[in-house]
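The values are calculated or read from the model by the stated rules, or taken from the named source; none is laboratory data. Keep in mind that this is a model prediction, so the values were computed, not measured. Glycine gets a Cβ as well: all are built from the backbone with ideal geometry, and neighbour counts include every protein chain shown.
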Amino acid sequence: MAGKQLNKKVKASSILETIVAMVIMVVAFSTAMVVLANVLKSSVSVTQIRASALLREQLEKVATSSERSNVSYISGDIEVRQIIATLDEHSGMIRVDLVALDRKGKNLAELHQIITDHAE
Amino acid sequence: MINAPAMRRKLEASALYIVVIMALVIAIFCVTMISAAYFYRLQAQKKSRTDRLENNLHSGINLLLSGADSVYPERKTDLFGLGSDSILLEKKTWGVFTVGIAKAIVQKDTLIKILMIANRVDSAKWSSVYLTDEDRPLSVSGQTDISGNAFLPRSGVRAAYVDNKAYTGDRRFVSGHIYNSEKKLPNLNPTVLNRLKEQLNTETGGLAEFTKRIVTRSFLERTLVFNLGKHADTLRDLHLTGNIRIHSDTTLIIDSSFHCQNILIDAPSVIFSAGFSGNGQFFATDSISAGQNCRFNYPSVLGLVRFVPAVPNRQALIRIGSGSRIDGLIFAFEQQESELRPMIALNKKVLLKGAVYSPGSLLLQDSVRVQGSLSTKRFLYQSAYSTYENYLINLSVRSTELSRYYLSSPLLPASSSQQKVLQWLENN
């Protein structure tokens, strides 16, 4: 009895309805993809966060050591450049400029600070 | 089992309805993503600005602590020469210390930190005892213990028998290096004294009475002055904190119910009732007297300062009651030396963590403990029958026990030029 019921004809959508539905689906999905791509692209990447952490770590090292040279080193995919300058108007103080770059040379993070020169 | 009537119903494909619903779901998903991204980005920008502000503030604080000990009005400093990282710095006198204010501003965000600045001690000049050379030795008796370097008269130290007490301490008398002292105490810093004089001589004006029981004043504002005039007053049941100065032209009595933090009080005479506890800088021209078991928390200052000659035959005096504890500095200063030089007296069982500078005499009763430094022209000890000069009896002076983080006012000759944060006062 149930089999008979199932074998009955079911009314399908018209060809026009199907096309409109497909168009809406395509538009909706492509909009969603664009939004998703933009969101992922514009957010702060893990690499940038790691670069900031690396710069902070390097600043701590500079603050506690007496080494006062300009250095550049690579940690994973990140290149860290350090420039130290003395301040003429403030004796015993130095300015530390730290920049983190990716492999393409794009600026990931910067850190500038004036600290006490323990090397003096 | 399949429900027969349900199966009999007409089933329509309705593709458009389903698609519209799916599109709505996708739209909600998109809106959620955009909102999440917006707030994440907003927070990331905020964090980035805060980090930058904190960096700039840190740099500003380092600039406040660098260079010579000076005061200056608010000035704008371009930190890195880029024009985008500016900071406002200000240093002002607060008693014998300096208050530094750093304001870092990026767009509409501002971070402010206010700190009190003091100096590290100069280990070459810092000593447990500095006794001026009056061509007579220092005598020690009982359980006297002097640890740390000492500046003593050329005639040295000797053991003495006083009040039926023989010397029972270390045979070396001083556990540390002994240097020869000069005929005069090293001078207090004249720049700091001038700044203190200027602050205490400022036209007071101000309020004549306390309208609130709890008053807190920020160091960002002008000093709140209470001028009590010639009316002898007792300060009680009050909580005063911060940038507040109380001035009186007569004796000021401070009750144990009075609580203060970092305030400044100046009067001809200040009397602290027994059991007082607080922190501040207290200056008097004639006398400061503290009752029993008073507690002056770090960094407190008790100072006898006479910038103008005093009435003849009136000795300036600081007397600390027995069982009291002082964390900070006690000093006396006279612009013109009077006949009766100022006296600082520490009664029995007083514990001092810090320094005493007395260009006159320093009276020390039995069982006084000092973790820090004593500098004086003359030591006094008073027994029931007589007064002994340059005798130390049952006294413990250990400069080595002073905290390595102790900071001194730049007023003291033993302070170094290196400035540090004495305490954080305010921030936002």
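Structural remarks
- Considering B:TYR406, B:TYR388, the condition of being closer than 28 Å to B:ALA160 by Cβ, among the aromatic types (Phe, Trp, Tyr) and either in contact (Cβ under 8 Å) with a residue 60 or more places away in the chain or in contact with a Cys (Cβ under 6 Å, 6 or more places away or on another chain) (or both) is satisfied by B:TYR388 alone.
- Subset tally (residues that are outside any strand (DSSP E or B), among the aromatic types (Phe, Trp, Tyr) and buried (at least 20 other Cβ atoms within 10 Å of the Cβ)) for the stretch B:133-167: 1
- Scoring B:LYS113 on the criteria (1) surrounded by 21 or more Cβ atoms within 10 Å (Cβ to Cβ); (2) in the same structural domain as B:ARG398 (by TED's automatic domain parsing) leaves a single failure, condition (2).
- Scanning the stretch B:361-371 for residues that are farther than 12 Å from B:VAL397 by Cβ and part of a loop (DSSP other than H, G, I, E, B) turns up B:GLN365, B:ASP366, B:SER367.
- For B:LEU53, the criteria (1) at pLDDT 90 or above; (2) facing chain A (nearest Cβ under 8 Å); (3) touching a Ser or Thr at 6+ places or on another chain (Cβ under 9 Å) hold in every case but one, which is (2).
- Qualifying residue in the stretch B:212-226 (condition: outside any strand (DSSP E or B), more than 22 Å from B:LEU425 (Cβ to Cβ) and out of contact with any strand residue (DSSP E or B) (no Cβ under 6 Å at 6 or more places or on another chain)): no
- Scanning the stretch A:21-50 for residues that are farther than 30 Å from B:ASN55 by Cα and surrounded by 16 or more Cβ atoms within 10 Å (Cβ to Cβ) gives A:ALA21, A:ILE24, A:MET25, A:ALA28, A:ALA32, A:VAL35.
- Top-ranked residue of the stretch B:168-178 - restricted to ones that are surrounded by fewer than 14 Cβ atoms within 10 Å (Cβ to Cβ) and modelled with pLDDT of 85 or more, ranked as nearest to B:VAL129 (Cα to Cα): B:HIS177
- In the stretch A:51-120, counting only strands (runs of 3 or more DSSP E) that sit wholly within it, the ones holding 1 or more residues that are surrounded by 11 or more Cβ atoms within 10 Å (Cβ to Cβ) and of a type in the set (D, E, K, R) span A:78-86, A:93-101, A:107-116.
- The test for being assigned to a helix (DSSP H, G or I), closer than 30 Å to B:TYR38 by Cα, facing another protein chain (nearest Cβ under 10 Å) and modelled with pLDDT of 85 or more holds for A:VAL34.
- B:SER358 vs. criteria out of contact with any Asp or Glu (no Cβ under 9 Å at 6 or more places or on another chain), part of a loop (DSSP other than H, G, I, E, B) and closer than 25 Å to B:LEU152 by Cβ: no
- Test: residue in the stretch B:382-399 that is within 26 Å of the chain's Cα centre (by Cα), farther than 18 Å from B:TYR167 by Cβ and not β-branched (Val, Ile, Thr): yes
- Residue count for the stretch A:76-108, restricted to those that are facing another protein chain (nearest Cβ under 9 Å) and within 22 Å of B:ARG49 (Cα to Cα): 2.
- Taken together, B:ALA27, B:ALA37 contain a single residue that is facing another protein chain (nearest Cβ under 9 Å), part of a helix (DSSP H, G or I) and farther than 22 Å from A:SER45 by Cα, which is B:ALA27.
- Some residue of the stretch B:116-125 being within 21 Å of B:PHE282 (Cα to Cα) and not in a strand (DSSP E or B): no
- When residues of the stretch B:52-91 are limited to those that are acidic (Asp, Glu) and within 16 Å of A:ALA85 (Cβ to Cβ), the one surrounded by the fewest Cβ atoms within 10 Å (Cβ to Cβ): B:ASP78
- Criterion: closer than 30 Å to B:PHE219 by Cβ, in the same structural domain as B:GLN261 (by TED's automatic domain parsing) and polar (S, T, N, Q) - qualifying residue of B:SER373, B:SER367, B:SER399, B:SER383: B:SER373
- For the stretch B:56-83, residues that are in contact (Cβ under 8 Å) with a residue 40 or more places away in the chain, within 9 Å of chain A (Cβ to nearest Cβ) and closer than 16 Å to B:THR110 by Cβ total 2.
- Residues (free of Cβ contacts under 8 Å to residues at least 40 places away in the same chain and crowded, with 22+ Cβ neighbours inside 10 Å) located in the stretch B:345-359: B:LEU346, B:VAL350, B:LEU352, B:VAL356, B:SER358
- Enumeration of residues in the stretch B:253-287 that are over 19 Å from the mean Cα position of the chain (by Cα), under 21 Å from B:LYS212 (Cα atoms) and crowded, with 24+ Cβ neighbours inside 10 Å: B:ILE254
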